[in-house]
Amino acid sequence: HPSVNTVSILSLPLPELSKKLRDGSLPLEHVFYAYVGKALQIAIETNCITEYLEESETQLRKVKQVEKPGLLCGVPVSIKDSINCEGHDSTLGFVKNINKPAAEDSVVVQVLRRQGAIPFVKTNVPQSLISFDCKNLIFGQTFNPLLYSKSPGGSSGGEGALVGGGGSILGFGTDVGGSLRFPAAFCGICALKPTGNRLSKKGVVSGVLGQKADSPPRMLSSDLFQWPPMAKDVESLALCMRALLCEDMFSLDSMVPPLPFNEEVYSSTRPLRIGYYETDFFTMPSPAMRRAVRETKQLLEEAGHTLVPFELTNVDYVVFNFCVRGMFADGGVSFVNNFKGELEVHGVKLFFWLSKAPNWLKTLFSWIAKPLMPRLSHIIRSMKANTVDEVWSLHHEIEEFCHQFIAQWKKLNLDVMLCPMLSPALRMGYPEKLSVAVSYTMLYNALDFPAGVVPVTMVTEEDEEELKGYQGYFRDWWDRTLAEAFLGSVGLPVAVQCVALPWQEELCLRLMKEVETL
């Protein structure tokens, strides 16, 4: 409509937009169709949307008739493909899942609707979700809205592209090893991975072994899985968490602890004691990543906070033994079964072929690879099938590691942690070659700590020049490939991670807000 100022609507931050929608100063239809139009534009540019939810128009009319509007009244939201919406497919990028619509909404979608939000599109994912790129045989490749030659990240790459391009003000994805934090960092937006059960997992397919996240975990895959929101700014994430952590969530899923949003913690102004590190000594940070942490540390210190060095150890063991072995504890049998009847395998060929190999062959491959590519040797060995006793032992190891990490945290009397985040966005086609580059994110899935991503700077010409000397810690094919993947990124965003102890999402958001403001 010529009288509607679409640009001004799309420029409003979520807290201001939702306030105007609730008090009636902004018509719901104007906002809804402004975002539908922008989403269509971004979809044409990046191929990020898989489906338009036509019932959103019906819901729009119903929301107008509600007497007591919810916190997200009239807010259009986007939903990742793997999150169930009644009557729509959750394909996970598998052809065999086409025309198998979900029988009901996932719990989080139900709560969003009760809070007045209007889910209006579903977004693209990589096949099986075990990739931090975004490509499948059904919908094709999604592109980064900031630079089409770069990956949008994954597995919530469609969400990252749509929110990053301005076609959605609030998006929802999943995170099993960085699946929402990668797209947020690559597309220059914010995201929060909460503690595992802070939000309901009912009706969300995890993708690791193809099971629903609320079903009994096959080995350890569901232990790593979380359900996060993403938005342009931290205050929007905080508003989202306020809306979701309500009685509806707690009554619809009794596995979610009844912990409402703690406003006092989030709004506090007391100085924080913040741990930090510049590297995990497994994946060498890009020059821009290291600079992002250093500059953020300095700004936080100048603002009156205390920064304390935190020493990470044994990250290689965490990646290989807890994460890879944990996800493929049955030797990859369940993972391979997902691909039965599929025409192609995208983005996970290494894991697929290793999963098909018997244990004796994996042992042989591991031995052959050890002198030339020790990391590949560790991955192969970690993908051997485990006995029940070995799985119980692995559970115990992970618990012990968590206790040791928390003990180190408390010995330093930390409130929160500032950490690197893999960025800038990698060149198209490179994420599928770099499955080992997930160490910065996957650590906090293994620990089940809340972790958020905030963009803090951009790649400079000096960063790009310094990248020419990048060698990595192992100086293997993966390190050389990662250096290539970072190239051509001048002007692209670089993010940091903010981390808190389990169930302290509000404290994590508080640090994110502080970092964003500074």
**Request:** All but one of (1) crowded, with 19+ Cβ neighbours inside 10 Å; (2) in a loop (DSSP other than H, G, I, E, B) hold for A34, so report the exception by its number.
**Result:** (2)
**Prompt:** So which helices (runs of 4 or more DSSP H) are wholly in the stretch 227-329 and hold at least 3 residues that are under 30 Å from R22 (Cα atoms)?
**Reply:** 234-244, 247-252, 263-267
**Fill in**
Within the stretch 1-48, residues free of Cβ contacts under 8 Å to residues at least 24 places away in the same chain and of a type in the set (V, I, T) come out as V7, I44
**Message:** Within the stretch 72-87, does at least one residue satisfy the condition of being under 27 Å from G154 (Cα atoms) and open to solvent by 30 Å² or more (accessible area, probe 1.4 Å)?
**Reply:** yes
**Request:** Would you confirm whether any residue within the stretch 172-187 is surrounded by fewer than 24 Cβ atoms within 10 Å (Cβ to Cβ) and assigned to a loop (DSSP other than H, G, I, E, B)?
**Result:** no
**Tally, over the stretch 46-80, of residues that are within 27 Å of the chain's Cα centre (by Cα), of a type outside the set (D, E, K, R) and in a loop (DSSP other than H, G, I, E, B)** = 9
**Asked** Based on what the data block shows, is K100 part of a loop (DSSP other than H, G, I, E, B), open to solvent by 30 Å² or more (accessible area, probe 1.4 Å), free of Cβ contacts under 8 Å to residues at least 12 places away in the same chain and under 22 Å from V176 (Cβ atoms)?
**Response** yes
**Request:** Report yes if some residue within the stretch 439-460 is more than 22 Å from the chain's Cα centre (by Cα) and touching a residue at least 60 places away in the same chain (Cβ under 8 Å); otherwise report no.
**Result:** yes
**Request:** Determine if the stretch 418-428 includes at least one residue that is open to solvent by 10 Å² or more (accessible area, probe 1.4 Å) and under 19 Å from the mean Cα position of the chain (by Cα).
**Result:** yes
**Prompt:** Is it the case that the stretch 118-135 has a residue that's within 29 Å of L350 (Cβ to Cβ), touching a Leu at 6+ places or on another chain (Cβ under 9 Å) and surrounded by fewer than 24 Cβ atoms within 10 Å (Cβ to Cβ)?
**Reply:** no
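The values are calculated or read from the model by the stated rules, or taken from the named source; none is laboratory data. As the structure is a prediction and not an experimental result, all values here were calculated from the model. Because the Cβ atoms are built from the backbone with ideal geometry, glycine has one as well, and the counts that use them run over all protein chains shown. Accessible surface is based on the protein model in full, side chains and every heavy atom, while ligands, DNA and RNA are left aside. Shrake-Rupley method; radii C 1.70, N 1.55, O 1.52, S 1.80 Å.
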